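The values are calculated or read from the model by the stated rules, or taken from the named source; none is laboratory data. Note that this is a predicted model, so its numbers are computed, not measured. The accessibility values were calculated without ligands, DNA or RNA, using every heavy atom of the protein model including side chains. Shrake-Rupley method; radii C 1.70, N 1.55, O 1.52, S 1.80 Å.
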Amino acid sequence: WDRHALAVKWMRHNLSIPQPISSLCDYLQISEPTLQRVFAKKEGRSPLSVYLHLKAERSRKMLEEGLPVKEVAYLLGYRHANDFSRFYRKQFGVTPGSIY
C-alpha cells in the first residue's frame, strides 16, 4: 500500500484535528520517524508542512465560497477566529477578512 497517498487522503479528511501528525501515525500504525522519511522521500518536506498547506488551501476555498471567517475557523478546528487569522496571514500574507 502507498503510505504517502493514504496519508495525504487522511489529511484532506481531517483538517480540524489538533495533533494531526500523531493521529496520522496512529491511523497508519507507523512511527513518526517513518512518516517523516516517507514524506521526505516523496515530497522533500515534512508531513506537517503538507498538512498545513492542505489546510491553508481548504480555508482559502471555503472563504471564496462565501463562508464567514468565524465559520471557517471553527470548521478547521480553531478555538478562536484570531488564531485562524494569524495562520491565514502567515500562509498568504493577508488576513482572511481583508479579501472576502
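Things to note:
- Along the range 7-13 the Karplus relation, 6.51 cos²θ - 1.76 cosθ + 1.60 evaluated at θ = phi - 60°, assigns HN-Hα couplings of 5, 5, 4, 4, 4, 4, 9 Hz to successive residues, with x for each Gly and Pro.
- Accessible-area ranking of 53, 13, 4, 80, largest first, probe 1.4 Å: 13, 80, 53, 4
- Cα centroid of the range 41-66 to Cα centroid of the range 80-100, whole Å: 14 Å
- Solvent-accessible heavy-atom area per residue, rounded to whole Å², over the chain at 1.4 Å: 64 Å²
- Under 20 Å from residue 55, Cα to Cα: lysines that are on another chain or at least 8 residues apart: 9, 42, 70, 90
- Pairs of alpha carbons in the range 1-74 separated by more than 22 Å make up 25% of all such pairs.
- The accessible surface of the chain, taken with every protein chain in place and a 1.4 Å probe, is 49 percent carbon and sulfur.
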